[in-house]
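Undergrad: Submitted below is the structure of interest, expressed as structure tokens.
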Amino acid sequence: MARRSGYWIGFFLVLGALGAAPLVLPEFWRRFVTEILIWGLLAMSSDILIGYTGVVSFGHSAFFGLGMYGAAFGLLRFRPNLWLALAFGLLAAATVAAFVAYFSTRLRDIYFSICTLVFSQIFYVIIFTWTEVTGGENGLVFRQPPLSVPGWQRAFTPATLHWFVLSIVTLTYLALRQVTRSPFGMVLQAIRENESRTMAIGYDVKRYKIVAVMLSGLCAGLAGILYAVQNRFVAPNFVFFDVSGEVVIFNVLGGMGTLVGPVLGAAVFFLLREGLSRYFTEYYLIPVGMIFMLTVIFLPQGLLGFLRRQLNQ
Amino acid sequence: MLAARDVHAFYGKSHILHGVSLEVRAGEVVGLLGRNGVGKSTTLKTIMGLVRPARGAIVFDGRDVTGVATHRLARLGLAWVPEDRRIFPSLSVWENLRTGLDRAGVGHAKRADLLEKVFRYFPLLAERRYQAGRTLSGGEQQMLAIARAMMLEPKIILLDEPTEGLMPRMVGQIREIIETLRQDGVAILLVEQSVPLTLAVSARVYIMEKGVVRHEAPAPALRADDAVIRRYLGV
Amino acid sequence: MIQLLNGLVNGMILALVASGLTLIFGIMDVVNFAHGELYMLGAYVGTTVLAAGGSFWLALGVASVTIFCLGAAIQLVTLRPLLGRDPLATILATFGLSLVLQNYALWQYGPVARKIQEPFTGHFRIFQLEYPWYRIIIAVLSAAIMLALWLFLKRATWGIWIRATAQDRTMAAAMGIPVPLVHTAVFSLGGAMAAASGVLYGPLVGVDQTLGPGSWWSGGWATSAARCWRPSSSACSSRSRRSG
Amino acid sequence: MSADAFPSDRGALVRTEGLTMRFGGLAALNDVSLSVERGGVHAIIGPNGAGKSTFFNCLTGVLKPTAGRIVVNGEDVAGLPPHAISRKSIARSYQVTNLLRGATVLENVRVAAQSRHHPWRLHRHYRAYHQVIDQALAVIDAVGLRGKEEDLASNLSHGEQRTLEIAIALATEPMLLCLDEPTAGMSAAETRQTVELIRRIAGDLTVLIVEHDMDVVMGLARTVTVLHYGELLAAGSPAEIQADPRVLEVYLKT
């Protein structure tokens, strides 16, 4: 019981700090924190697969990107309505996720990873070349939809945008946390621990994996929508492999299988990027890559796992 | 020459060897008997450095070799002929032999010598020289496994169930090979299911039960009185 | 016909890169995400040698040897400590490696594509079309390298050690084969082959850091495959680049 | 080698007919027809490489047999995937310990029990499903792992891990429990406990066991089937098998 209440105290402390962030932080860091929340959501979505189901997706850029483009499509072609953008983005992400899930879950291990990678690159090529709809290389620019509920609407300020993002990320986190502790989540973890055994006790592993990919893809799409709304543009770069790679980095740095770890990983990554790019300019990935490799070799549980162990001792 | 001293070994969590001690003197054939699953093969693997002992020591030629890498042990003169033979399936017979032959200190003359010797022992292998390992029959694979071990010019061969699944005619041949090797001064630690064969070729016999050596006796004594054999191995 | 020739040339290069990759995967069970980066770095080392006044062939040799050594260092530092860990760990480690190498190349050589001058500029006529000799040469050379690899694996002591290790690691060790060293050698050899193909392919596609990012796995394969199927464009583009 | 390995086929829970499994040219199982009656312990023995594990793998859907039928309750289940076989009330343990290593004992058993109840629920905490947990605890109690519920599977001793294997299989409420060398690598004391456990659970369900240890087999089994080079060599009561000259010749080589 002490551990449980300790968890909630920590949860509300972090939530409070994040909620207060836009009131105390200067412009640059305010934006920075909002963005980390969005990337953290993306990383969290991928944790469902890496950390809980035990398969590495190298294709999360596709879900993220399709969420973005779906939202942009809704905003440009229909009405500049936030909820409409959400609906379109989620629909697009879900479609892609269903597609990827159907094929990739037939494969295991590295073949799963390569399959997700190949599919994400295919979607990249489609978006890059289908200029009439996607704007091709230049992407799409649009106006930010206002924050609206029926009968009330107001344009986003940096602070309200931050709170909007924070509440969506928090709700998604709580939902995912619940899912990982549900009977379904237990089956996913059983698959991670021992796939053949899970099959032998009567679970149709492939169907569980399909649902896991769908769920993960939907959350990644949600992150994409938030990013599009925050930045008012979409570009094919976000569908490119690099983004998927970064998502994997977030997970490994922060600690897989914890949901919070990947968010921490995203924060560390962007802080490292900020810090290191002073010395290494755009080549910051050289030291980041090295830190990443050291983490893989020496801290397989990631930063969060490491911190936890230190605290326990 | 080779000794295991109070060796404990685990496969993951499972405690397979609970303190095995045994000794093989130079040029001696020693049998290791016991029912299935008592840890005979694990004992050989532990000696060969394939399983790391949790406690205890392996001494070879007066030197503590516990924890020495397997390929170094092979170069020192320990050869292992595993139970399932483990012929390299897509290497030819000749290439299988080369895995042991291509090493420093083997000149042209010595190579020819060693090959000539195994082909004399196993004329069939000379015939099948260019055939892939996987196409050999069980008996031929067993011969190749022994021949391959001989390429290392070992001081001792750890021989794991050489007659398993072989026809009676082949069993006789294996027995002759063991005899010949002994005359050449090669020590053998023999794990076998066949008690008569073991008693016939060995000087001494150890009997294992549930991960420990329970009994040690000269083979002639056991041949004369099989009460011990019945007790530990009977059905 | 031209299509067929182009397909053959591209196929040969791909086969060369792939044989290095599968060599590593087949023997060490390591999926090398940084293979594309080794290919790219090989090409860059080639341009450096050429810039220093070396010949194309010297560049090919130096690139292969350099990447061979780099491969050995990488294997010792990153992959050997991961022996016995989850395959996921090696995937992640080589992925991290690809980030480092890719950005190192960007830093060292800059974003502007470099060109490797082909050693032969002649053309020959085939069905009313000019076809560059160099393309034929690389196809032949790639085939020769693969043949050499095959002979090496078939005949040489190390070749037999590599094959034995691939088939049964434990038994190989029991036969006195230095298995850890074989693993290092295999990784280096795979890298050297990637580097050689990088230099050979350089004159056709130019050399920049996008040659080898992790996306090379899919993007590279997909575009290469697409090039094989629509080769007219690549033959034309390489000719127009020359004329331009 | 007749289809009627047993005089009466009426009580048969599982029947195989001409079961054959080839790997390339090699027949690991060749035309094996046998039947397992309801209730009690049935043993399959044979020297290494006789096809015992292959038989188990075919029976539990890990391998798809090349030919032949596996009839459970009158229905052919040959070639169904493992999860479908599990739902036909056939459970198995593994020769090599095969657990969810990073999970606790309770989790291992609970996930297995859950497969028969609410596997697809997403929203409620798994601890809210009391029925599943009660069932898991009952199984843990029955196999004698009480007090170890919160231990990680990877921290158990070897003997306890093997017992947990059996508990997981039991939690799926099988009619037929297939145990692949349940006493492998156990000390003498652990072996005795496991034999006791198997004898206890064999009261309600049918147990099919592959085992090397003859004491275990002869002490437990109601019927024994001997496989040799993938073929059915003999079947009968332990006494009959021990007296069968063919069995003595191939199997008990001493």
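All of the numbers you see were taken from the coordinates with simple rules; none came from a lab. Because the structure is a prediction, the values reported are computed rather than measured. Heads up, the Cβs are rebuilt from the backbone with ideal geometry, glycines too, and the neighbour counts pull from every protein chain shown.
Undergrad: Tell me, how many Å apart are the Cα centres for region C:39-112 and for region B:33-68?
TA: Cα centroid to Cα centroid, the span is 41 Å.
Undergrad: Same structure again: In which sequence would C:TRP158, C:TRP133 go, from the one with the fewest C-beta neighbours within 10 Å to the one with the most?
TA: C:TRP133, C:TRP158
Undergrad: Run the numbers on chain A and let me know its relative contact order in percent, using alpha-carbon pairs under 8 Å that are six or more apart.
TA: 30 percent
Undergrad: Now for a different question. If you line up the long axis of helix D:188-201 against the longest principal axis of chain D, both from Cα atoms, how many degrees apart are they, to the nearest 10?
TA: The angle comes out at about 90 degrees.
Undergrad: Of B:THR42, A:THR160, C:LEU8, which is farthest towards the positive pole of the protein assembly as shown's charge dipole, taken about the Cα centre with +1 and -1 on the beta-carbons of Lys, Arg and Asp, Glu respectively?
TA: Of the options given, the answer is A:THR160.
Undergrad: Mind checking Rg over Rh on region D:97-173, alpha carbons, Kirkwood formula for Rh?
TA: 0.95
Undergrad: Taking R0 as 45 Å, what FRET efficiency do you get between B:GLU179 and C:PHE25 from their Cβ-Cβ distance, rounded to the nearest 0.05?
TA: Efficiency, from the Cβ-Cβ distance: 0.50.
Undergrad: Could you pull the Rg and Dmax for region B:95-195, using just the Cα atoms, both in Å?
TA: 13.4, 41
Undergrad: Give the angle, between 0 and 90 degrees and rounded to the nearest 10, that separates the Cα long axis of helix D:158-171 from the longest principal axis of the Cα atoms of chain D.
TA: The helix D:158-171 is inclined about 90 degrees to chain D.
Undergrad: Quick one: angle between helix B:138-150 and the longest Cα principal axis of chain B, in degrees between 0 and 90, rounded to 10, please.
TA: Roughly 90 degrees, rounded to the nearest 10.
Undergrad: Tell me whether chain A comes out rounded, prolate or oblate; compute the Cα gyration tensor, take square roots of the eigenvalues as a ≥ b ≥ c, and use a/c under 1.5 as the rounded threshold.
TA: It is rounded, given that a/c, with a ≥ b ≥ c, falls under 1.5.
Undergrad: A follow-up question, please. Where a ≥ b ≥ c are the square roots of the eigenvalues of the C-alpha gyration tensor, would you call chain D rounded, which needs a/c under 1.5, or, failing that, prolate if a/b is larger than b/c, or oblate?
TA: prolate
Undergrad: Further question on the same structure: Would you mind estimating how fast region A:46-142 diffuses translationally, via Stokes-Einstein at 4 °C and 1.567 mPa s with the Kirkwood radius over Cα pairs, in µm²/s?
TA: 92 µm²/s
Undergrad: Count charges around D:SER86 for me, please; just the other residues with Cβ under 12 Å from its Cβ, Lys/Arg as +1, Asp/Glu as -1.
TA: Its environment carries a net charge of +3.
Undergrad: What shape does the protein assembly as shown take by its C-alpha gyration tensor, where a ≥ b ≥ c are the square roots of the eigenvalues and a/c under 1.5 counts as rounded, a/b above b/c as prolate, and the rest as oblate?
TA: Oblate shape, in that a/c is at least 1.5 and b/c is the bigger or equal ratio.
Undergrad: Using the count of nearby Cβ atoms within 10 Å as a rough guide to exposure, how do C:PHE152, A:PHE156, A:PHE250, A:PHE123 rank from fewest to most?
TA: Placing the least packed residue first, the sequence is C:PHE152, A:PHE156, A:PHE123, A:PHE250.
Undergrad: Sorted from fewest to most neighbouring beta carbons within 10 Å, what does the list D:ARG246, B:ARG148 look like?
TA: D:ARG246, B:ARG148
Undergrad: Turning to a different aspect of this structure: With only alpha-carbon atoms in the gyration tensor, what are the semi-axes of the equivalent ellipsoid for chain B, in Å, largest first?
TA: Semi-axes (√(5λ), whole Å): 28, 21, 16.
Undergrad: Next question, about the same structure. Bin by bin, in steps of 10 Å, what percent of the Cα pairs in region D:128-210 do you find, going until the bin that has the longest distance?
TA: Whole-percent P(r) values from 0 Å outward: 17, 53, 27, 3, 0.
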